[in-house]
């Protein structure tokens, strides 16, 4: 099975991916490509530097450069895969061109809940201003269109156990379809 996951910062995309990893899925994160490049260039990764670097590279290389790299890596994997972190319709189209018409799952959570989550992170911790900046950046990159492209929506407003239950429900629906 192959799945795409998207959502705003703090919505639970990474938690959903971790749940799927424990279920045997191989996880491919679009942001990994960008962070790997930043590390190789000795650029400190912060919410601000990640946004700036991503915007700069998208202007140079196109909106879909990271998704293309990630989808190519995912295409070599055997078994179940999940690709996480689409920010634009261009990224989604590029990944689908390489991997096929894979269902997109949107993970949603209210802003205040997302803010609590990103404030409590060990890595890439954000405050309210950084989260608003990230949300605006995602919307400017084309996140609105990605939200409309979602085949399934998971409202992640409860516990991790409830998220796992919702993921299992979506997988069951996909298997029957």
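The values are calculated or read from the model by the stated rules, or taken from the named source; none is laboratory data. Source: prediction; values computed, not measured. Neighbour counts run over all protein chains shown; Cβ positions are idealised from the backbone, glycine included.
Brief remarks on what is shown
- Residues that are within 18 Å of residue 133 (Cα to Cα) and assigned to a strand (DSSP E or B), drawn from region 1-19: 6
- Pair list, Cβ < 7 Å and 6+ apart or interchain, from region 149-164 residues that are on the phi < 0 side of the Ramachandran plot to residues that are exposed (fewer than 15 other Cβ atoms within 10 Å of the Cβ) and not in a helix (DSSP H, G or I): 157/110
- When restricted to residues that are out of contact with any strand residue (DSSP E or B) (no Cβ under 8 Å at 6 or more places or on another chain) and crowded, with 19+ Cβ neighbours inside 10 Å, region 94-116 contains 3.
- Flag for residue 13 being in contact (Cβ under 8 Å) with a residue 12 or more places away in the chain and under 17 Å from residue 92 (Cβ atoms): yes
- Single residue of region 22-38 satisfying the filter (part of a helix (DSSP H, G or I) and touching a residue at least 12 places away in the same chain (Cβ under 8 Å)) that is surrounded by the most Cβ atoms within 10 Å (Cβ to Cβ): 30
- Residue 176 being surrounded by fewer than 13 Cβ atoms within 10 Å (Cβ to Cβ), modelled with pLDDT under 90 and more than 24 Å from residue 47 (Cβ to Cβ): yes
- Among the conditions (1) touching a residue at least 60 places away in the same chain (Cβ under 8 Å); (2) exposed (fewer than 13 other Cβ atoms within 10 Å of the Cβ), residue 136 misses just one, which is (1).
- In region 143-165, the residues that are in a loop (DSSP other than H, G, I, E, B), in contact with a helix residue (DSSP H, G or I) (Cβ under 8 Å, 6 or more places away or on another chain) and surrounded by fewer than 18 Cβ atoms within 10 Å (Cβ to Cβ): 157
- Within region 55-83, no residue satisfies the criterion of being without any contact (Cβ under 8 Å) to a residue 24 or more places away in the chain and surrounded by 22 or more Cβ atoms within 10 Å (Cβ to Cβ).
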